[in-house]
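What follows is a short report on a single structure.
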Amino acid sequence: MNIVSHLRKLLSFFILLSMGSFGFAQELDQNQSSFAESELIVTNETIENDSGEEATLDSGNTAWMITATALVLFMTLPGLALFYGGLVQSKNVLSVLMQCFAIACLASLLWVVCGYSLSLTPGENEWIGGTSAFFLETLSVENLNGDFPESVWVIFQMTFAIITPGLIVGAFVERIKFSAVLLFSGLWLLAVYFPVCYWVWGGGWLAEKGVIDFAGGIVVHATAGASALTLAWMLGRRQGFPRSLRPPHNPGMVMIGASMLWVGWFGFNAGSAAAANESAGMAMLVTHISAATASLVWMFIEWKKTGKPGLVGIVTGTIAGLATITPASGSVGPMGAIIIGASAGLVCYFACGFVKEKLGVDDSLDVAAVHGVGGILGTLMVAYLGWNSDIGGLGIPLDSWQDQLIVQTQGCVAAIVLSVVATYLIVKIISPLLGGSIRVSEEDETKGLDQALHGENAYTLH
């Protein structure tokens with residue numbers, strides 16, 4: 001099917017969303033059915049694995065990948081939403097929950113329309129994937145990805161596309177228009193996430209160089225962190241930043257959300273093994289060890305500096321440890337996880353202060369310092385820790401860890417540059433469409449976004 005036909009389908013799709021036309025839906029279904037009938041259907045009997053043997057469905061791997069998918073979605077809804085929601089003022093908590101929920105819905109549809117195809121199917125070049133799987137037209141119930149259904153692979157990867165723009169929410173809470181959130185997130189997925197996903201996981205130029213990113217240090221955390229910092233700088237500071245900001249309105253909610261993220265992260269990292277095997281087991285173990293180590297390091301630093309260990313602090317350390325181990329979780333052992341976790345707790349803690357105090361950027365919930373810095377740190381550290389079996393590395397086959405470090409650095413720099421440039425351009429493009437600014441009025445910011453934008457209150461006291 002040529003690109004013109006795909007564009008026609010895209011247009012029909014968005015007309016369906018806006019008008020709810022049953023007639024268009026019926027026509028689209030008929031077109032898809034006729035196309036599916038004319039396509040070659042790949043079944044269990046026709047798929048061969050790398051050894052040349054016929055691939056068959058493995059129920060154990062299928063069950064694990066379905067479970068991992070649910071865990072990763074659980075990270076965004078409700079984990080990330082509650083984590084971020086508890087960190088803001090009570091008058092803005094619903095706006096954060098709404099942003100996370102709406103992004104999840106928007107990213108899901110974009111992934112079906114074109115994201116999966118552009119990110120994970122072969123393209124004509126090394127920069128972006130192909131168009132053959134737009135609207136998942138080539139997908140059938142018999143299709144396998146290895147030894148589990150391709151449909152499971154589609155939705156597993158969809159959950160990564162959901163949480164990545166969701167992470168950026170933490171940079172603009174309490175002062176952005178909801179319409180801007182939707183426009184920015186959709187365009188950002190198209191301009192940043194889908195290309196970088198192809199570069200690293202879809203067979204693009206970074207994959208050809210041999211970059212190591214097991215579960216998203218570059219694809220998820222570096223892109224989200226760089227874009228968050230750029231967007232927070234362009235959006236401007238919240239009222240009262242940095243001296244008179246109110247503390248998190250519900251630290252208990254923050255802890256609950258962080259705990260959900262911790263549990264869900266097992267699907268994020270261990271699921272990236274794409275099988276219920278030894279790699280998944282080790283990824284789960286090192287993920288937990290890094291999170292626990294970073295939590296304690298963060299807690300003790302804060303305890304030393306302020307005189308008291310805080311709940312919000314220790315769980316922020318947890319997220320730093322999880323983000324930092326993510327790209328290395330398929331390449332290091334327990335000792336490597338402890339080193340990565342300790343580094344995450346230390347580096348990310350001081351990165352938070354650097355961004356807000358030295359740079360003066362109101363990255364409200366520390367997306368750049370925790371996710372961006374953490375993801376980049378883990379991506380770079382895997383070059384040595386994954387190679388050196390003496391300190392817990394799994395002995396990944398590298399000519400030299402220095403050469404691998406160069407490749408890892410290239411991956412981080414490329415993702416950061418694209419994220420910064422694309423974020424800047426997207427904001428400049430959408431601002432005129434939204435009255436000249438993506439930021440709410442001063443009156444609405446004072447009133448709170450829950451009432452000003454959504455007409456609801458999080459808490460009603462009788």
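Structure above, values below:
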{"read-out": "Enumerated helices (runs of 4 or more DSSP H) restricted to the stretch 352-462, each holding at least 2 residues that are aliphatic (A, V, I, L, M), modelled with pLDDT of 95 or more and surrounded by 16 or more Cβ atoms within 10 Å (Cβ to Cβ)", "value": "373-385, 401-430, 449-454"}
{"read-out": "Qualifying residue in the stretch 266-273 (condition: part of a helix (DSSP H, G or I), closer than 30 Å to residue 357 by Cα, hydroxyl-bearing (Ser, Thr, Tyr) and at pLDDT 95 or above)", "value": "no"}
{"read-out": "The listed residue being among the hydroxyl-bearing types (Ser, Thr, Tyr), at pLDDT below 95 and touching a Ser or Thr at 6+ places or on another chain (Cβ under 7 Å), out of 138, 131", "value": "138"}
{"read-out": "Among (1) farther than 23 Å from residue 387 by Cα; (2) part of a helix (DSSP H, G or I) - the single one residue 327 does not satisfy", "value": "(1)"}
{"read-out": "So residue 295, is it closer than 30 Å to residue 147 by Cβ and of a type in the set (Ser, Thr, Tyr)", "value": "no"}
{"read-out": "Scope the stretch 311-338; condition more than 19 Å from residue 374 (Cβ to Cβ) and in contact with a Pro (Cβ under 9 Å, 6 or more places away or on another chain); matching residues", "value": "311"}
{"read-out": "From 386, 336, 378, 341, residue being closer than 16 Å to residue 316 by Cβ and in contact (Cβ under 8 Å) with a residue 24 or more places away in the chain", "value": "341"}
{"read-out": "Answer residue from the stretch 160-219, given it is of a type in the set (Ser, Thr, Tyr) and crowded, with 22+ Cβ neighbours inside 10 Å and is nearest to residue 405 (Cα to Cα) among those", "value": "198"}
{"read-out": "Residues that are more than 24 Å from residue 335 (Cβ to Cβ) and under 21 Å from the mean Cα position of the chain (by Cα), drawn from the stretch 276-320", "value": "315, 316"}
{"read-out": "Yes/no for residue 229 being under 17 Å from the mean Cα position of the chain (by Cα) and surrounded by fewer than 22 Cβ atoms within 10 Å (Cβ to Cβ)", "value": "no"}
{"read-out": "Near pairs, Cβ below 7 angstrom, 6+ apart or cross-chain, from the stretch 130-143 (of a type in the set (D, E, K, R)) to any residue that is outside any loop (DSSP other than H, G, I, E, B)", "value": "137/32; 137/35; 137/36"}
{"read-out": "Positions within the stretch 273-292 being surrounded by fewer than 23 Cβ atoms within 10 Å (Cβ to Cβ) and either out of contact with any helix residue (DSSP H, G or I) (no Cβ under 6 Å at 6 or more places or on another chain) or closer than 14 Å to residue 347 by Cα (or both), in sequence order", "value": "274, 277, 278, 281, 282, 285, 288, 292"}
{"read-out": "Counted residues, the stretch 344-358 - those being small (Gly, Ala, Ser), free of Cβ contacts under 8 Å to residues at least 40 places away in the same chain and touching a helix residue (DSSP H, G or I) at 6+ places or on another chain (Cβ under 6 Å)", "value": "1"}
{"read-out": "Helices (runs of 4 or more DSSP H) contained in the stretch 144-221 and holding at least 3 residues under 30 Å from residue 60 (Cβ atoms)", "value": "150-172, 194-201"}
{"read-out": "Residue in the stretch 228-246 that is nearest to residue 431 (Cα to Cα), counting only those that are touching a residue at least 12 places away in the same chain (Cβ under 8 Å) and part of a loop (DSSP other than H, G, I, E, B)", "value": "236"}
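The values are calculated or read from the model by the stated rules, or taken from the named source; none is laboratory data. Here the structure is a predicted model, which is why all the values come from computation and not from measurement. Quick reminder, even Gly has a Cβ in these numbers, built from the backbone with ideal geometry, and neighbours come from all protein chains shown.
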